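Undergrad: What follows is a structure written as structure tokens; I'll ask about it next.
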Amino acid sequence: MLRYLTAGESHGRGLLTIVEGVPAGLTLKREDIDAELARRQLGYGRGGRMKIEHDRVQIISGVRGGVTLGSAIGLMIDNRDWENWRDQMSPDEVTSRRVTRPRPGHADLAGISKYGHQDIRNVLERASARETAARVAAGAVASTLLRQMDLWILGYVVALGGIEADRGRFDLPPGDPGDMWRRWRGREGDAPLRCPDRCAEKEMMARIDRSSEAGDTLGGVVEVSVFGVPPGLGSYSQWDRRLDGALARAVMAVQGIKAVEIGLGSAAASMPGSEVHDPILPGEGGRSWRRGSNHAGGLEGGVSNGEPLVVRAAMKPIAALGSPLPSIDIRTGEAVQAHHERADVCAVPAAGVVVEAAVAFEVAGAFLEKFGGDSMQEIERNYRGYLEELL
């Protein structure tokens with residue numbers, strides 16, 4: 001079973017990720033993970049923390065000579081800001097003042113209620129989206145495995161601050177999925193919000209500027225597509241083995257995500273079935289069948305159907321406002337402004353990278369469950385044999 005755990009606080013010494021269940025023989029290089037970490041840090045609207053951190057991973061176990069061993073993979077990302085927070089985040093003795101003004105929209109109040117803390121920093125440090133760097137590292141391992149099996153993940157922003165991208169203007173490079181992935185990655189530097197509609201992207205950036213001036217924040221919607229997914233991942237046999245359920249849980253667990261859609265998503269609720277379901281047509285190129293559309297987003301009955309997986313995630317505006325909302329002081333009960341912690345105006349593009357990682361990990365887990373083995377050679381043999389039977 002493919003799984004991972006993360007540890008670490010936002011301003012602690014660093015972040016740890018342990019990934020278990022990766023087969024032996026996967027080529028895994030540090031730069032593959034660093035590239036994903038760098039993508040998470042970019043995007044128009046990011047805050048001052050990104051000017052401090054330059055995330056790089058240390059692979060401390062499970063890999064030798066650039067190849068996985070089959071044992072647990074240990075990954076560590078140092079927090080460069082730790083040097084400025086040693087006194088406040090020491091595991092031995094803390095000398096800083098307590099944070100006592102919970103921020104609406106954060107885990108602050110719920111967290112101190114749950115764990116009985118008197119200092120909100122005990123909550124916000126772990127609840128922080130800084131933890132997503134550790135998840136992106138885990139997702140990078142999964143994405144590397146999927147690419148070796150010719151599965152490709154593409155993520156982009158489709159809405160931000162109420163401005164929606166026009167799919168008719170999408171500037172996604174043509175070609176097979178691998179070529180499309182490489183070309184889009186090569187052009188991401190020219191897309192500050194990772195939006196394939198260049199006109200909408202300019203409007204989104206202007207909206208971010210206005211929000212920043214007002215001390216406000218913005219949310220948006222990201223879409224992740226996975227190409228090359230074979231039919232048969234997941235299962236309808238039990239509720240907890242449905243791939244759509246696994247994807248929804250993993251994506252919904254990303255900080256700030258408040259809604260998840262697959263395929264048409266909520267739009268299907270207002271459409272007749274004749275316009276929702278994907279016709280099954282005679283196949284081409286040696287395949288027995290093809291689909292006339294992909295409104296289902298590549299999933300039917302909790303099982304992948306051979307079409308691209310399409311997952312969308314809606315992110316709420318960041319709760320750390322430049323102009324803080326009303327709150328109370330938990331020591332006195334008096335009305336105050338909420339605590340202000342350095343944050344972004346908009347982190348939707350970064351959230352897209354985290355959602356990509358979450359999707360990659362779930363798809364890789366389902367892939368290994370179906371075609372699993374102890375080595376990449378064994379898995380590839382199982383997978384190729386399955387594909388031959390499908391044709």
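Undergrad: Anything in segment 217-251 that is part of a strand (DSSP E or B), within 20 Å of Gly352 (Cβ to Cβ) and touching a helix residue (DSSP H, G or I) at 6+ places or on another chain (Cβ under 7 Å)? List them, or say none.
TA: Listed by number, the residues that qualify are Gly220, Val222, Val224, Val226, Phe227.
Undergrad: Same structure, new question: Tell me, which residue of segment 125-150 that is among the hydrophobic types (A, V, I, L, M, F, W, C) and surrounded by fewer than 24 Cβ atoms within 10 Å (Cβ to Cβ) is farthest from Ser10 (Cα to Cα)?
TA: Restricting to residues being among the hydrophobic types (A, V, I, L, M, F, W, C) and surrounded by fewer than 24 Cβ atoms within 10 Å (Cβ to Cβ), the top hit is Met149.
Undergrad: Another question about this same structure. Name the single residue that is farthest from Glu380 (Cα to Cα) among those in segment 25-47 being surrounded by fewer than 18 Cβ atoms within 10 Å (Cβ to Cβ) and of a type in the set (A, V, I, L, M, F, W, C).
TA: So, considering only residues that are surrounded by fewer than 18 Cβ atoms within 10 Å (Cβ to Cβ) and of a type in the set (A, V, I, L, M, F, W, C), the one farthest from Glu380 (Cα to Cα) is Leu42.
Undergrad: Still on this structure: Given the conditions (1) surrounded by fewer than 19 Cβ atoms within 10 Å (Cβ to Cβ); (2) outside any strand (DSSP E or B); (3) in contact with a Gly (Cβ under 6 Å, 6 or more places away or on another chain), and given that Pro349 satisfies all but one, which numbered condition is not satisfied?
TA: Among (1) surrounded by fewer than 19 Cβ atoms within 10 Å (Cβ to Cβ); (2) outside any strand (DSSP E or B); (3) in contact with a Gly (Cβ under 6 Å, 6 or more places away or on another chain), the lone unmet condition for Pro349 is (1).
Undergrad: Is there any pair linking a residue in segment 323-343 that is in a loop (DSSP other than H, G, I, E, B) to one that is of a type in the set (S, T, N, Q), with Cβ under 7 Å and at least six apart or on different chains, and which?
TA: Pro324/Gln337; Asp329/Thr100; Ile330/Thr100; Arg331/Thr100; Ala338/Ser327
Undergrad: Hey, Ala259 hits all of (1) buried (at least 20 other Cβ atoms within 10 Å of the Cβ); (2) of a type in the set (Gly, Ala, Ser); (3) touching a residue at least 40 places away in the same chain (Cβ under 8 Å); (4) within 17 Å of Arg312 (Cβ to Cβ) but one; which does it fall short on?
TA: (1)
Undergrad: Out of Val276, Val303, Val251, Val229, report the one residue that is of a type in the set (A, V, I, L, M, F, W, C) and under 14 Å from the mean Cα position of the chain (by Cα).
TA: So the residue among Val276, Val303, Val251, Val229 that is of a type in the set (A, V, I, L, M, F, W, C) and under 14 Å from the mean Cα position of the chain (by Cα) is Val251.
Undergrad: Among the candidates Arg312, Arg331, Arg381, Arg291, single out the residue that is on the phi < 0 side of the Ramachandran plot, charged (D, E, K, R), buried (at least 21 other Cβ atoms within 10 Å of the Cβ) and modelled with pLDDT of 90 or more.
TA: Arg312
Undergrad: Among Val354, Val363, Val348, which is under 28 Å from Arg210 (Cα atoms), among the β-branched types (Val, Ile, Thr) and touching a helix residue (DSSP H, G or I) at 6+ places or on another chain (Cβ under 8 Å)?
TA: After applying the criteria, what remains is Val354.
Undergrad: If you don't mind, another one. Quick one: which residue in Pro102, Pro91 is over 30 Å from Glu380 (Cα atoms) and touching a residue at least 24 places away in the same chain (Cβ under 8 Å)?
TA: Pro102
The values are calculated or read from the model by the stated rules, or taken from the named source; none is laboratory data. Because the structure is a prediction, the values reported are computed rather than measured. Heads up, the Cβs are rebuilt from the backbone with ideal geometry, glycines too, and the neighbour counts pull from every protein chain shown.
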